Amino acid sequence: MKKKLIISSIAAILLFVASTTYYSNVKTSNIAKEQVMANQKRNFIDKKTAEQINRKFYSHQKIQQGSEMAFVNYPTTFSKMVDSGQLTIIGEVTGLKSFVADNLPYTIANMGVKKVLHGDNSQLGKVIRVMFLGGNISQKELLAPVSDKKFMNMSNEEITSDKIVTVEYSNNRLPKAGDKIAMVLSKTPAGTNNIPGEFWMTHFANKSVFFQDDDGQYRRTPEAKSIGGGSSGKNNFSQNDWNQQDDEKMNDGMNKLILSQK
């Protein structure tokens, strides 16, 4: 099962092929002081600890970046979405750590596995590492790919700044400590993006990530609506319409799967 994810931002336009890895053999920097986590022997954290983690990790200026995604072999049903991944879980975020690969930020979230919905039941109760697109990065790393573009009108101070900013890409919501998330995952080889150790990646990016809302339901982050909606066909059915229907279908599938295992 292959998917293709195209991310465009102020810094770069890059291609991700997730059948194996996002990248390999690329320079990666570890923002050492950004690691904040709870005791990994627990698969949950208390509210106070979660607030402390989030306050520290998200203490930087937040920057919203646009993204564009194109998927290959995207599943037409929720069951096919689950079958296309290796592991489907409900997890609770217990820790966050930033990495930068090829001038793009990533967040590794420690996830306490509260329930295995599909796949290897031996993961239940364990803390696994899951990679999310976006996170903390220095301003000079973020701007490096366009630092020589005069039309950007950037000052030398901006392109050499060690200031840390938090980048969140559209539709790719960043996790916070204490969040409960249902997700479909695929495991990546150790050292992917030169990030130490093994970790999991969300299958089909944000399309397989369902955050628990205040009402207890698990839902995907809705796609940003495009202007005009990209209407096509005699019924004037737009991309916005398709995104909404797909979200409703996948959200319904995930919540039914969760209810079936209570």
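Please list VAL127, VAL184 in order of solvent-accessible area, largest first, computed with a 1.4 Å probe with all protein chains present.
The ordering from most to least exposed comes out as VAL127, VAL184.
Out of the range 66-167, which chymotrypsin sites (Phe, Trp or Tyr not before Pro) are coil in DSSP terms and have no more than 15 other C-beta atoms within 10 Å?
Listed in order of number, the matching sites are PHE71.
Counting only heavy atoms of the protein chains, get the accessible area per residue of the range 77-130 (1.4 Å probe) and round it to a whole Å² value.
30
Give the long-range amide H neighbours of PHE199: residues separated by 5 or more places, or on another chain, with amide H under 5 Å away, using H modelled in the peptide plane at 1.01 Å from N.
THR188
Subtract the Cα-Cα distance of THR221 and LEU124 from 0.36 nm times their separation in residues, and report this length gain in nm to one decimal.
Extending this stretch completely gives an extra 32.4 nm.
With a ≥ b ≥ c the root eigenvalues of the C-alpha gyration tensor of the range 94-252, is it rounded (a/c under 1.5), prolate (a/b larger than b/c) or oblate?
Since a/c reaches 1.5 but b/c is at least a/b, the shape of the range 94-252 is classed as oblate.
Once a ≥ b ≥ c are taken as the square roots of the eigenvalues of the Cα gyration tensor of the range 47-182, is the result rounded (a/c under 1.5), prolate (a/b larger than b/c) or oblate (a/b not larger than b/c)?
oblate
Working out 0.36 nm times the residue gap between VAL146 and GLN244, then minus their Cα-Cα distance, what length gain in nm do you get to one decimal?
Here the answer is 31.8 nm.
The values are calculated or read from the model by the stated rules, or taken from the named source; none is laboratory data. Model, not experiment: these values are computed from the prediction. Cβ atoms come from the backbone with ideal geometry, glycine included; neighbour counts cover every protein chain shown. Keep in mind that these areas ignore ligands, DNA and RNA; they rest on the heavy atoms of the full protein, side chains included. Shrake-Rupley method; radii C 1.70, N 1.55, O 1.52, S 1.80 Å.
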